[in-house]
Amino acid sequence: SPTGWDPVAKRDSTAVTVLALGDETSSHRVLDRIAWTNVPLPTIRGALTQLMHHWNPIVTVVDATGLGLGLYQWLAQAAGKRHRVEPFVFTSQSKSDLGWKLLGLVDSGRIQDYADDGEPISREFRTQLTQTEYALRAGPGKLMSWGVPASRGHDDLVLSFALAAHLDTLSLSRRIARGH
C-alpha cells in the first residue's frame with residue numbers, strides 16, 4: 001500500500017491516529033489513521049514530519065517505550081518549538097490508566113471514529129478492536145491489563161487510538177507570544 005502498511009506482517013507497525021480535539025463537553029474525532037510496517041526509519045521520520053506540518057497539531061503524543069524512545073527523541077528535536085511532542089511510556093500502571101481513561105472517553109461518547117470507509121487499515125483497526133482482551137487484577141486500584149494476544153495479531157492501531165485518552169491529562173492550550 002502507499003503507506004507501507006502490511007496487515008499480515010509478523011512485525012509491529014508504527015501507527016498514527018490523527019484527532020480533532022474537543023473540550024470537556026465535546027468529542028475528540030478521528031480524522032485519519034496511518035501505519036507503516038517494514039518501512040525504513042528514515043522514511044517514517046520523513047512521513048511523520050510531513051504529517052506534523054500538514055496537520056499542525058497542538059500536541060503529538062509518542063510511544064516512548066523501548067525502541068520508541070529514539071523516535072520520540074528524534075521527533076521532539078525535529079519539531080523544535082513549532083510543535084509540542086509528548087512522550088508516553090507504557091508500564092503496567094500507565095497502560096492500565098490509559099485503558100480506564102479510554103473506556104471513559106468511549107462510554108461518555110467523547111471520542112468518535114470515522115465511519116468504515118472500506119480501506120484495509122480501517123478494517124484492520126476494527127479487527128484489532130474486536131481482538132482486544134482485558135483482565136482486571138485483584139486488589140486496590142483494579143489494575144487493567146489489555147491488548148491483543150500475540151497469538152491473534154497486533155494491537156498497534158488500537159494503542160495509537162488509545163493514546164487519545166492521554167490527551168485529557170495534558171494542558172492543551174496553544175501558547176501565543178504577544179509583544180509590547
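The values are calculated or read from the model by the stated rules, or taken from the named source; none is laboratory data. Since we're looking at a predicted model, the values are computed, not measured. Every residue, glycine among them, receives a Cβ derived from its backbone with ideal geometry; neighbour counts consider all protein chains shown. Each accessible area value is taken on the protein alone, full model and side chains, heavy atoms only, with ligands, DNA and RNA left out. Shrake-Rupley method; radii C 1.70, N 1.55, O 1.52, S 1.80 Å.
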query: Over the Cα atoms of region 80-148, Rg to Rh with Kirkwood Rh, two decimal places?
result: 1.05
task: Tally up the carbon and sulfur contribution to the accessible surface of the chain as a whole percent, 1.4 Å probe, everything protein left in place.
output: 54
- prompt: Given H placed 1.01 Å from N in the peptide plane, which residues other than close sequence neighbours of T60 have an amide H under 5 Å from its amide H?
  reply: R84, V85, E86
message: Let me see the P(r) profile for region 23-109: every Cα-Cα distance counted, bins of 5 Å, each bin given as a percent of all pairs.
response: 3, 11, 18, 22, 21, 16, 8, 1, 0
message: If you filter region 108-145 for trypsin sites (Lys or Arg not before Pro), then keep DSSP loop positions with at most 15 other Cβ within 10 Å, what is left?
response: R137, K142
- request: With runs of 4+ DSSP H residues as the only contributors, calculate the mean residue ellipticity of the chain at 222 nm using -39,500 (n - 2.57) per run, divided by the residue total and rounded to the nearest 500.
  value: -11500 deg cm²/dmol
field: Solvent-accessible heavy-atom area per residue, rounded to whole Å², over region 14-73 at 1.4 Å
entry: 52
message: How charged is the neighbourhood of P149? Take every other residue with its Cβ under 10 Å from the Cβ of P149, and add Lys/Arg as +1 and Asp/Glu as -1.
response: -1
task: Rounded, prolate or oblate: pick one for region 74-115, where a ≥ b ≥ c are the square roots of the eigenvalues of its C-alpha gyration tensor, a/c under 1.5 means rounded, and failing that, prolate if a/b is larger than b/c, else oblate.
output: oblate
query: Using unit Cβ charges (K, R positive; D, E negative) and no other charged atoms, how large, in debye to the nearest 20, is the dipole of the chain about its Cα centre?
result: 580
